[in-house]
Amino acid sequence: MIFRASVLTLYPDIFPGPLGTSLAGRALEEGTWSLETKNIRDFATDKHRSVDDTPAGGGAGMVLKPDVLAAALDSVADHRPMLALTPRGTPLTQERVRGLAAGEGVVLLCGRFEGFDERIFEARAVEPVSVGDYVLSGGELGAMVILDACVRLLPGVMGAASSGEEESFEQGLLEYPHYTRPVTWEGRTIPEVLRSGDHAKIAAWRHERAVEDTRLRRPDLIERHGGASQAPPSGAQRKK
Ligand code: SAH
């Protein structure tokens, strides 16, 4: 089964962009996933091909018209989940990405200007999703974020070297820090435990650092996982 992505955008030329390079690009060439873009403007019906109009109630900017958005969504709708990029949406998580990557693909609706007429969320099974607490000028970069995160999880894309199981967010923790040669660089030496060859000790150290760094940088992750993330991985003895 191939993961099929359909992107609805006013700027289809932006794609594949970075998704055409490196891991995602190779997987696209090899047919592990497919990428279709549709120009929302092609679904406008008036002679000016307008996709937006002024906001009801007044205010700055323009709002994407629900009839045009619906026609665009209907043109690609099948069993795949439909996500609309908006800062008002549910924040994207690695868990959600895993769920999406395990499915048939995804339909992504990219906003511009002030965003979507809210009625599209009632009239169609489209879920608002955010890629973070900041405002972009368009949904396209967000769509690329979602696709990049999904594609690297598709079977065969990352290769055996990286199962992704130990990565940030997978256990409700940030990943432990990494080091590589040279052993000493600018007077800083790689932590000795990592050079000890003692796998249990290394696993315990990595877990401790993961917990410590998560506490420091992302206490919200610890909170969200109810502290369960503090349990060390099996086989790792925690030094007291
Ligand atoms: N007026 C809107 C922001 C519009 S930004 C508001 O305040 O909520 C224009 C478009 O960029 C949006 O329609 C959306 O598709 C995209 N966008 C901006 N920030 C985003 C974010 N954090 N996550 C996902 N999409 C975003």
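The values are calculated or read from the model by the stated rules, or taken from the named source; none is laboratory data. Predicted, not measured: the structure shown is a model, and the values here were computed from it. In this analysis, Cβ positions are derived from the backbone assuming ideal geometry, glycine residues included, and neighbour counts consider all displayed protein chains. Just so you know, the surface numbers come from the protein's heavy atoms only, side chains and all, with ligands and any DNA or RNA stripped out. Shrake-Rupley method; radii C 1.70, N 1.55, O 1.52, S 1.80 Å.
Per-structure values
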read-out: The range 29-53: number of residues that are assigned to a loop (DSSP other than H, G, I, E, B) and surrounded by 14 or more Cβ atoms within 10 Å (Cβ to Cβ); value: 3
read-out: Every pair of residues 6+ apart whose Cβ atoms lie under 7 Å, when the first sits in the range 120-148 and is open to solvent by 10 Å² or more (accessible area, probe 1.4 Å) and assigned to a helix (DSSP H, G or I) while the second is within 11 Å of the ligand (Cβ to nearest atom) and modelled with pLDDT of 95 or more; value: Phe121/Pro128; Val145/Val131
read-out: Residue among Ala60, Ala71 that alone is assigned to a loop (DSSP other than H, G, I, E, B), open to solvent by 30 Å² or more (accessible area, probe 1.4 Å) and not charged (D, E, K, R); value: Ala60
read-out: Single residue of the range 99-139 satisfying the filter (within 8 Å of the ligand (Cβ to nearest atom) and among the charged types (D, E, K, R)) that is nearest to Ser75 (Cα to Cα); value: Arg112
read-out: Flag for Val76 being within 15 Å of the ligand (Cβ to nearest atom), modelled with pLDDT of 95 or more and outside the structural domain of Leu173 (by TED's automatic domain parsing); value: no
